[in-house]
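One structure below.
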Amino acid sequence: MKKKKVLIHGTADSLQKFFADAVSRDFEIVALLSEENLSSNFEVFTTQNLPQFVYGLVDGIIITDAVENKDLIGYFLSKLEPRKIILWNAKEGWCTLNASDEDGTKVIYFCGLAFHICNEADEKSFNRIKRYLKTQRRVKNWDPQRYPVVLAETFKKRRGKPLDFNKMTLFTEKLNWLKIFDATPLKSLLADKYLVRYWVAKKIGAQYLIPLLGVWNDFDDINFDLLPDQFVLKCNHGSNMNIIVRDKKSLDLRNAREKINGWLAVDYGAQRNLELHYSRIDRKIIAEKFMANGDAPDLIDYKFGCFNGNVLYCKATTERSNFIRCTYFDMNWKPMNFNRNDHPRSDHPEKIPPPKNFELMKRLAATLAEGFAFVRVDFYEIEGKIYFGEMTFTPGAGNFSYKSEGTDEYLGSLLKLPDATPPPQL
């Protein structure tokens, strides 16, 4: 995403604190606004002598000292639309500006984003983005030496057991190690849901790709008239950032815009899970063809677990419309006793048939997994054809557990870690 051009308003103290905050790197500063005499590399204006045309050239104004100053906020609201008024303070980081739309709908402005709150789902969506952005601000200020400490704390909180990076035996422990000590640029490229397409086309062939309908940097660049009645919109840089459009006429464009703009603001790697390889991804919006397998209500997702280039299991993900079931099969399609706490296995694994192209899927997964200590390679089988889903290097961020005794230990024994690389600075 390109940096937003902004004006910064504040006192000498509040401006100094903002520039010391890692989030300041996300913006292109056009000018400073302050009533004080400041020594700065930027040109400093007051609200009275700033040329009016400048307001039309910037994407917003960050007010660092005006959370309770309604007069100042009102002044800038007369110059800019509410979405462009961004409130920040040293204690909380980003702050909300509440208002109402013409029809009385509650609108929350936050970090240059607008969220219309019409129902509980809208509230939940806004709170998710708010949580991401507030966490992002904290994480970007951490020294990379703190990363192992944070992951150990999170692991103990969620799993009830310590995580010692010098004594790892569990699969989930090693996944946490990989998040910070193997966050390579190549992983960033392959976790990018757009750029990975080029890799897949080169390695196994473009015939395995779900047809791409478009790619954009900004939601307002999308010409929906050119899209079919059914499609999938998604962001390329994280997880659970999808909008499945089954009927274009019923798509709420305002709601979709606000969701996607919120997702684009999120650095998915700069979160407490520290999946650092996501941070390098240049965030975009893509549209793919809506895929259906006849009258089946859900697609089965075939997820191949690949350890040091060897395909060792296939996890069939079923019943997405109800409660997701994840059933593991070995390379002869015999059910395995693996069972995760968050996604239990099917009650009737014998009723899940192997994909018709199972042998070819295994070979394709091995080709894509070559050279990686661990990667999960996902495929679909639709109308007898194989389609690539994604490559996931740290599933569940390593913060899950197994119901089946010994599974974490067994998979951990199969995963041979590569040499460590220095964690990137977020």
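Quick note: the coordinates plus some simple rules give every number you see, no bench work behind them. Everything numeric in this text was worked out from a predicted model, so none of it was measured. FYI the Cβ positions are ideal-geometry reconstructions off the backbone, even for glycines, and counts take in every protein chain you see.
Would you mind checking the pairs LYS248/LYS351; LYS248/LYS315; LYS130/LYS179; LYS17/LYS70 and listing those with alpha carbons more than 28 angstrom apart? Beyond 28 Å between Cα atoms: LYS248/LYS351; LYS248/LYS315.
For the chain, with a Gaussian network of springs between Cα atoms less than 10 Å apart, report the residue from ASN357, ASN322, ASN273 with the top mean-square fluctuation. Top of the fluctuation ranking is ASN322. Checking every one of the chymotrypsin sites (Phe, Trp or Tyr not before Pro) in segment 1-102 against DSSP loop status and a limit of 16 other Cβ atoms within 10 Å picks out PHE42.
What Kirkwood hydrodynamic radius, in Å, does segment 103-153 give when the mean of 1/r is taken over all pairs of distinct Cα atoms and then inverted? After inverting the mean inverse Cα-Cα distance, the result is 13.0 Å. Overall, segment 4-140 carries a charge dipole of about 640 debye about its Cα centre when +1 sits on the Cβ of Lys and Arg and -1 on the Cβ of Asp and Glu, all other atoms neutral.
Judged by the gyration tensor of its Cα atoms, with axes a ≥ b ≥ c, segment 279-344 is oblate; a/c meets the 1.5 cut and b/c is at least as large as a/b. Taking all Cα pairs closer than 8 Å and separated by 6 or more residues, the relative contact order of segment 4-140 comes to 20 percent. For LYS134, a cut-off of 12 angstrom between C-alpha atoms picks up these aspartates and glutamates, skipping any fewer than 8 places away in its own chain: GLU92, ASP267.
All distinct Cα pairs of the chain go into the 1/r average, and the inverse of that average, the Kirkwood radius, is 23.9 Å. Relative to the compact-globule estimate of 2.2 N^0.38 Å, the Cα radius of gyration of segment 162-228 comes out at 1.69. Under the criterion of Cα pairs below 8 Å and six or more residues apart, the relative contact order for the chain equals 15 percent. Fewest neighbouring Cβ atoms within 10 Å first, the residues CYS306, CYS326, CYS111 line up as CYS326, CYS306, CYS111.
Any idea which of PHE53, THR64, ILE129 is furthest toward the positive side of the dipole for segment 4-140, if Lys and Arg beta-carbons carry +1 and Asp and Glu beta-carbons -1? After comparing all options, I get ILE129.
Between the C-alpha center of segment 257-324 and that of segment 168-189 there is a gap of 18 Å. Distance from the C-alpha centroid of segment 205-225 to that of segment 16-33: 33 Å, rounded to the whole angstrom. For the pair ALA201 and ASP71, label points projected 7 Å from Cα toward Cβ lie 6.0 nm apart.
Around the Cα centre of segment 89-210, unit charges on the Cβ atoms of Lys, Arg, Asp and Glu (plus for the first two, minus for the last two) sum to a dipole of about 760 debye. Normalising the Debye intensity of segment 4-140 to I(0), with uniform scatterers on Cα atoms only, and taking log10 at q = 0.09, 0.12, 0.16 Å⁻¹ returns -0.27, -0.48, -0.84.
On a 26 Å Cα-Cα criterion, which of the cross-link pairs LYS2/LYS202; LYS3/LYS234; LYS303/LYS416; LYS193/LYS385; LYS2/LYS106; LYS249/LYS385 come out too long? With Cα atoms farther than 26 Å apart: LYS2/LYS202; LYS2/LYS106; LYS249/LYS385. Given in Å, the Rg to one decimal and the Dmax to the nearest whole number for the Cα atoms of segment 252-378 are 17.4, 48. Here the translational diffusion coefficient of segment 372-426 follows from Stokes-Einstein with Rh set to the Kirkwood radius across Cα pairs; for 25 °C and 0.890 mPa s it amounts to 172 µm²/s.
Gain on full extension, evaluated as 0.36 nm per residue between LYS161 and ASN217 minus their Cα-Cα distance, stands at 15.9 nm.
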